[in-house]
Amino acid sequence: MADRLTPERRSWNMSRIRGKNTKPELLVRRLLHAKGYRYRLHGTAGKSRLPGRPDLVFAGRRKVIFINGCFWHFHDCRVGQHAPKVNAAFWEAKRTRTKDRDADQRQRLMAAGWEVLTVWECELKDGSALEAHLVEFLGARQADALQTYSRQAHSRKAPPAGS
Ligand SMILES: [Zn+2]
């Protein structure tokens, strides 16, 4: 992807539209929808609003997913750990606050019996790894298990090696 925005500028742009169908969020939603998972958006379960308003809520499974930008949420990766030279103290303080708030919200969700997964922007590059990660967290759907079984039973190719 050719773009001339610095990582911090790009994440800042994303943060401004957070909660409004960001590109990473749409990508994850499309993937899950294609796999047959159904979810609610933006932090509601019944009448209650969940801490941090998670991007995706799987109320029946009592699981939630956050999709976080690496820079903004201070991820432990190259983009996340990049320190802007301009306004360094401002960014450091702002991102530290965001990270602390994320941890607090996660604690509150877990205390209320929710399982929490954070999907990082940097994980979106590898679609198959992301998919495996999501399925592992959510648990396979029964229909998927049956489909996989019948695909393998009829496949001309050898089934993939077990992981
Ligand atoms: Zn990252």
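Under a crude label model (7 Å from the Cα following the beta-carbon direction), how far is LYS23 from SER48 in nanometres?
3.6 nm
In the P(r) worked out for the range 42-136, what percent of Cα pairs fall beyond 24 Å?
When all Cα pairs of the range 42-136 are counted, 29 percent exceed 24 Å.
What FRET efficiency comes out for ALA103 versus LEU41 if R0 is 25 angstrom and r is the Cβ-Cβ distance? Round to the nearest 0.05.
0.65
Tell me, in nm to one decimal, what length is gained between THR118 and ASP76 on full extension, where the rule is 0.36 nm per residue of separation less the Cα-Cα distance?
13.9 nm
What order, most packed first, do the peptides 119-130, 63-74 have when packing is the mean number of other Cβ atoms within 10 Å of each residue?
Put in order of decreasing packing, that is 63-74, 119-130.
Each label point is 7 Å from the Cα along the Cα-to-Cβ direction; what then is the distance between the points at ALA129 and ALA111, in nm?
3.4 nm
Read-outs: derived from the displayed coordinates by stated rules, not from any lab. Since this is a predicted model, take the numbers as computed values, not measurements. Positions of Cβ are generated from backbone atoms using ideal geometry, with glycine treated the same way; all protein chains shown enter the neighbour counts.
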